[in-house]
Amino acid sequence: MKFGKITPEIIKELKEAVGDDIIFDEMIHRMAYSRDWSPRDDKNIHLPDVVVRPRTTEQCAKIVEIANKHRIPVTPMGGLTGMGGGAVPIYGGIAFETKGMDQVLEIDVDNMTATVQAGITLWELNQAAKKYGLYLPQEPESKKAVTVGSSITCNNDSAFGIRHGRMIDHLTNAVIITGEGKIVRAGRRKALCSNSGYQLNWLLVGSEGTLGIIVEATVKLIPVMKTRMVDMVVFPSLDDSMNAIRDIMHSGLALESAHINCEKRLGFYTHSYREKHGKEPDIPDWAEALLGISFSSMEDHDKVVKFSRDYALEICERHKGLPVKEVELTDGWWASKYTVDFTPFRQKWPDSQREKKFGAVDCGIPIGKIEEAYKAFLEIAGKYNQQILGMCVYHERPNRLSPSVSFAVFVDDKDPENVQGFYSYVREMSEVAIKLEGTSATYIGDSEFKTPWIGELEHQEAYEYMFNIKKVFDPNGIMNPGKKFPIKMFGYEE
Ligand SMILES: Cc1cc2nc3c(=O)[nH]c(=O)nc-3n(C[C@H](O)[C@H](O)[C@H](O)COP(=O)(O)OP(=O)(O)OC[C@H]3O[C@@H](n4cnc5c(N)ncnc54)[C@H](O)[C@@H]3O)c2cc1C
């Protein structure tokens with residue numbers, strides 16, 4: 001069995017059903033939707049046959065209904081900043097651009113919720129909510145491009161994960177278009193807690209567009225923070241920095257962010273400092289970990305924040321931590337993670353993204369195994385000739401040590417062998433994560449790259465149950481094919 005092909009008749013059928021101003025089949029449009037931010041060489045680009053850019057839920061449902069009738073693949077797309085090929089239409093068909101669905105439907109100030117069309121970016125949603133003193137504390141670095149829909153289906157990391165968690169902690173309600181083109185409301189309206197039925201809204205979290213297209217979402221908001229203090233501290237080991245975070249949390253302080261950077265990442269920041277200021281920052285030779293932390297408050301004065309910060313630094317000292325004196329270093333880190341204002345502190349090592357492409361493998365590693373995972377990272381990246389950028393440990397569950405670890409490299413995407421080496425590196429690091437009793441994916445997902453082997457490596461008998469769930473939502477396997485489940489499981493030929 002093969003997927004259906006887009007024909008002039010099907011284009012006509014689509015245009016008649018939803019209007020010809022949202023259907024595009026010129027090459028220039030198709031090319032714009034043929035890749036995301038994942039490292040790939042020029043031979044690995046996948047053109048969709050047609051691009052759709054609907055504005056209403058009804059249009060979305062109609063398009064998928066027609067696609068399902070003809071067994072045409074449908075690949076939902078947000079900002080295309082995904083790093084694993086999740087939104088790449090590897091079997092062609094329909095590129096489903098969701099960013100035309102960008103309306104704020106309601107900001108409910110009393111209940112502190114926002115209901116939006118899912119193609120709105122996190123940034124735009126927050127511009128609207130901030131007018132009411134509210135905001136969604138979901139803060140990936142890529143927030144200006146990332147849509148609410150893809151943030152749900154990727155469950156991506158947020159700068160403030162250790163305090164506020166991420167999308168799974170904010171999402172109360174979602175409306176999806178299933179693989180048959182049905183409109184299904186999943187969730188509990190504006191309530192954050194429920195044990196009625198199954199929590200289908202949570203099932204969508206991390207589903208990578210394989211269960212359906214999210215077209216609407218209701219999320220919980222919090223007040224805008226008015227005061228904040230940000231600091232960086234160096235430690236003699238990764239374990240020391242982890243223990244400091246643990247003790248800060250257990251002391252009763254409410255950390256807002258806590259990111260550990262390895263020695264190589266520390267080198268990235270000191271290099272940028274040197275480039276800009278022409279002098280060496282005062283960082284001791286023994287420093288092997290750089291911890292960034294912040295505290296914030298919705299109050300106008302800094303009493304709570306200042307106390308929290310001073311006490312946290314005291315705890316860091318107990319764990320041999322030394323605060324970084326250079327404010328510019330801390331500002332540079334904070335600019336890259338939160339304000340996204342890179343101008344004063346350009347990343348010049350290497351000339352980011354022009355010479356080589358940023359690539360990462362995203363593993364969940366148990367807290368006591370970070371040092372071991374780091375050693376494996378250096379060894380495996382070296383084995384596959386990957387230029388190491390470094391390791392970042394984010395904590396992504398509220399008030400928990402919950403490492404979501406980014407092992408990042410620079411990939412030479414002009415060299416197919418280096419790109420191939422990157423895929424082997426991803427596979428081997430995933431094996432390490434599972435051997436250490438962790439997980440192979442925390443923010444990039446299974447995506448295109450891990451799908452061929454993820455069932456066997458990570459899920460075993462549970463994979464069949466997952467596939468049965470997939471079939472309930474998408475009986476013909478047209479939703480984002482080749483992601484999470486190889487298409488042969490549906491009986492399709494490559
Ligand atoms: C410079 C840069 C910085 C980054 N920083 C971070 C970071 O701090 N934290 C982090 O976690 N990630 C980060 N990323 C990775 C990336 O931004 C995230 O994975 C993000 O969630 C992708 O969002 P997107 O809108 O670009 O989605 P896309 O790449 O377009 O799509 C991602 C996945 O979502 C699916 N999808 C999209 N929209 C929908 C929808 N409406 N319904 C169903 N499925 C849908 C797609 O099919 C695909 O599987 C960064 C990437 C870059 C390039």
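The values are calculated or read from the model by the stated rules, or taken from the named source; none is laboratory data. Treat the numbers as computed from the prediction; the structure is a model and nothing was measured. Note that we place each Cβ from the backbone using ideal geometry, even for glycine, and neighbour counts take in every protein chain shown. For accessibility, only protein heavy atoms count, side chains too; no ligands or nucleic acids. Shrake-Rupley method; radii C 1.70, N 1.55, O 1.52, S 1.80 Å.
Just a few scattered comments:
- In terms of distances greater than 19 angstrom between alpha carbons, the cross-link table entries 450/470; 5/69; 15/471 yield 15/471.
- This model, with +1 at the C-beta of Lys and Arg and -1 at the C-beta of Asp and Glu, gives the range 357-451 a dipole about its Cα centre of some 240 debye.
- The chain, Cα convex hull volume normalised per residue, Å³: 147 Å³
- Rough spin-label spacing in nm, given labels placed 7 Å along Cα→Cβ, for residue 108 and residue 27: 5.0 nm
- Derived scalar couplings ³J(HN,Hα) [the range 45-58; Karplus, 6.51 cos²θ - 1.76 cosθ + 1.60; whole Hz; x for Gly, Pro]: 9, 10, 7, x, 8, 8, 10, 10, 9, x, 10, 10, 4, 5
- Anchor residue 306: lysines whose Cα lies under 26 Å away (excluding residues fewer than 8 positions away in-chain): 130, 226, 320, 325, 337
- Global geometry of the range 227-342, whether rounded, prolate or oblate, following the gyration tensor of its Cα atoms and the 1.5 cut on a/c: oblate
- Whole-Hz ³J(HN,Hα) from phi, Karplus 6.51 cos²θ - 1.76 cosθ + 1.60, for the range 397-404, glycine and proline x: 10, x, 6, 9, 6, 8, x, 10
- Per-peptide average of other Cβ atoms within 10 Å, ordering 188-200, 374-386, 51-63, 111-123 highest first: 111-123, 51-63, 374-386, 188-200
- Taking the helices alone, the chain has a mean residue ellipticity at 222 nm of -10000 deg cm²/dmol, built from -39,500 (n - 2.57) per DSSP H run of at least 4 residues and averaged over all its residues.
- Cα centroid separation, the range 233-261 to the range 395-431 (Å): 23 Å
- Placing +1 on the Cβ of every Lys and Arg and -1 on the Cβ of every Asp and Glu, with no other charges, gives the range 227-342 a dipole of roughly 120 debye about its Cα centre.
- Cα pair distances of the range 41-172 binned at 5 Å [whole percent]: 2, 10, 18, 20, 19, 13, 10, 6, 2, 0, 0
- Gain on full stretching of the segment that runs from residue 375 to residue 34 - 0.36 nm per residue minus C-alpha separation: 119.2 nm
- Fraction in percent of alpha-carbon pairs per bin - 10 Å, the range 104-223: 15, 50, 31, 4
- Along the axis of the charge dipole computed for the chain (Cβ charges of +1 for Lys and Arg, -1 for Asp and Glu, origin at the Cα centre), the listed residues 387, 39, 142 are led at the positive end by 142.
- Between residue 465 and residue 16, full extension at 0.36 nm per residue minus the direct alpha carbon distance yields a gain of 157.8 nm.
- Of the accessible area of the chain, computed with a 1.4 Å probe over protein heavy atoms only, carbon and sulfur atoms account for 51 percent.
- Unit charges on C-beta of K, R, D, E only; dipole of the chain, Debye: 740 debye
- The range 363-377 versus the range 78-131: alpha-carbon centroid distance in Å: 33 Å
- Ranking by accessible area, most exposed first, for 242, 27 with a 1.4 Å probe: 27, 242
- Shape call, the range 167-235: gyration tensor on alpha carbons, a/c limit 1.5: prolate
- Per residue, the chain exposes 42 Å² of solvent-accessible protein surface, assessed with a 1.4 angstrom probe and all protein chains in place.
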